[in-house]
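Structure record follows, encoded as structure tokens.
Bear in mind that the values in this text are calculations on the coordinates, not laboratory data. All of these numbers come straight from a predicted model, not from anything done at the bench. Glycine gets a Cβ as well: all are built from the backbone with ideal geometry, and neighbour counts include every protein chain shown.
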Amino acid sequence: MKILVVGNGGREHAIVWTLLQSPQVTQVLCVPGNGGTAMMDRCQNLSFRMDDFGGIARFAEVNGVALVVVGPELPLSLGITDYLQNRNIPVFGPTRAGAQIESSKTWAKSIMEEARVPTPRSATFTDLTTACAYIEQQGAPIVVKADGLASGKGVVVAETVQDALNAVELLFAQDYGKLLIEEYITGQEISVIALTDGKTIRPLLPAQDHKRIGDGDTGANTGGMGAYAPAPLATPALMKRIQYEVLEPTLATLKRKRIDYRGVLYAGLMITPNGDPKVLEFNCRFGDPETQAILPLLTTPLIELLLACVEQRLAALPPIEWKPAVSTCVTIAAHGYPGSYERGKVIGGIDSANANDGTIVFQAGTQIKQNRLVTDGGRVLSVTSIAPDFVTAIDRAYQGARLITFEGMYYRQDIAQRALG
Ligand code: GLY
């Protein structure tokens, strides 16, 4: 069976690696892929753009691709699923209508309200004066969210009223026509990534990611400096509440709106100090770097799960099976990230790190240039280790990270420490 994966991040490398564990997957094509997918046996990168739906569809038809798996939110929000479905090409990922759960914060909030899903209080604004008056009245801290995809740069947690006013002004000036202003809540965040066929919804192992650049969760927000799974905070009792209070009502509401949602529904949740889950955001795709932490723990073949979602037979599958292990994923970033950074630094040590017990280096911002693996993005590698316990998983992941070399490389030193309690 040939599978085509759309995307070029660490998440997509992890998806490809996991798919290729199954003997029924004979080849994976990656659009456009990265240095990691280029180096894998039975995987080939294709130089289509991710928004070249016509090119992707033609390639899939001519080459007998059995399934297209879409990694990032952008092609989903642009309607890649609708396009491929119209050509009868099986595709894992929601339609454009479903992807609004991520591409429009205000739409997602209206779904949550209709579904009575617990979520922070909020209001929507389309003009600066009213938004500013609301902020003055509510006070700080307060959260300002741009309505639209913003590559992680559209959410501002403002500590002061002035910061919130500045954020609103900046976001309106950047042509976001609509903003959501949300109550600030405290607690610990977890990511629950669930698979759905539009009728049944099943969570994968819960994970926690580390969004800030600096140790102790300090400094600028990033796309994710590391992750671990399963998150000990997400007890079976809490996961049950998330299933009944969040995942099922959300899916039922999407269904009522005649949205046939098949793919990933990712709930970014705050667990409040009294233990209640509240949804901060939904995403329409696998998390990055949570996927790099979760998938190496999966025993059930990923391909069976993805096909069951597309073919609407998730309810008939046995429970998802997992290794009796935990994982830690350390992101290695380029100097300067999440600000500006240089590309083209030669990377060494990947084979040595991969030879470490329980360790796999997923590649994100990399490419092969003149037969050398070089950096090509801000988040460069995800060094993931699995082990029977977190002390060992953390130790292995950092042993792996220390074997990597490239000029200016940076990683946090405290990934998964929270899992130790
Ligand atoms: N790790 C956060 C995200 O994937 O959006």
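Being under 23 Å from Glu12 (Cα atoms), surrounded by 17 or more Cβ atoms within 10 Å (Cβ to Cβ) and within 13 Å of the ligand (Cβ to nearest atom) holds for only one residue in Cys284, Cys309, and it is Cys284. Within region 380-406, can you find the residues that are surrounded by fewer than 22 Cβ atoms within 10 Å (Cβ to Cβ) and assigned to a strand (DSSP E or B)? Result: Ala387, Thr405. The single condition among (1) of a type outside the set (A, V, I, L, M, F, W, C); (2) under 22 Å from Leu295 (Cα atoms); (3) in a loop (DSSP other than H, G, I, E, B); (4) within 16 Å of the ligand (Cβ to nearest atom) that Lys153 does not meet is (2). If you go through region 233-259 and keep only what is acidic (Asp, Glu) and either within 16 Å of the ligand (Cβ to nearest atom) or within 21 Å of the chain's Cα centre (by Cα) (or both), you end up with just Glu248. With a cut-off of at least 1 residues that are within 14 Å of the ligand (Cβ to nearest atom), name the strands (runs of 3 or more DSSP E) lying wholly within region 184-232. The qualifying strands (runs of 3 or more DSSP E) are 188-196, 212-214, 218-221, 226-229.
The C-beta contact set for region 295-306 (first residue more than 12 Å from Ala207 (Cβ to Cβ), second residue in a helix (DSSP H, G or I), distance under 6 angstrom, 6+ apart or interchain) comprises Leu302/Thr18; Leu302/Leu19; Ile303/Leu19. Can you go through Ser103, Ser110 and tell me which one is farther than 22 Å from Leu307 by Cβ and free of Cβ contacts under 8 Å to residues at least 24 places away in the same chain? None of the other options fit; the residue is Ser110.
Could you please give the count of residues in region 95-123 that are in a loop (DSSP other than H, G, I, E, B), among the charged types (D, E, K, R) and within 23 Å of Ala140 (Cα to Cα)?
Residues in region 95-123 being in a loop (DSSP other than H, G, I, E, B), among the charged types (D, E, K, R) and within 23 Å of Ala140 (Cα to Cα): 1 in total.
Among the residues of region 77-125, those identified as among the aliphatic types (A, V, I, L, M) and under 16 Å from Glu281 (Cα atoms) are Ala99, Ile101, Ala108, Ile111, Met112, Ala115, Val117, Ala123.
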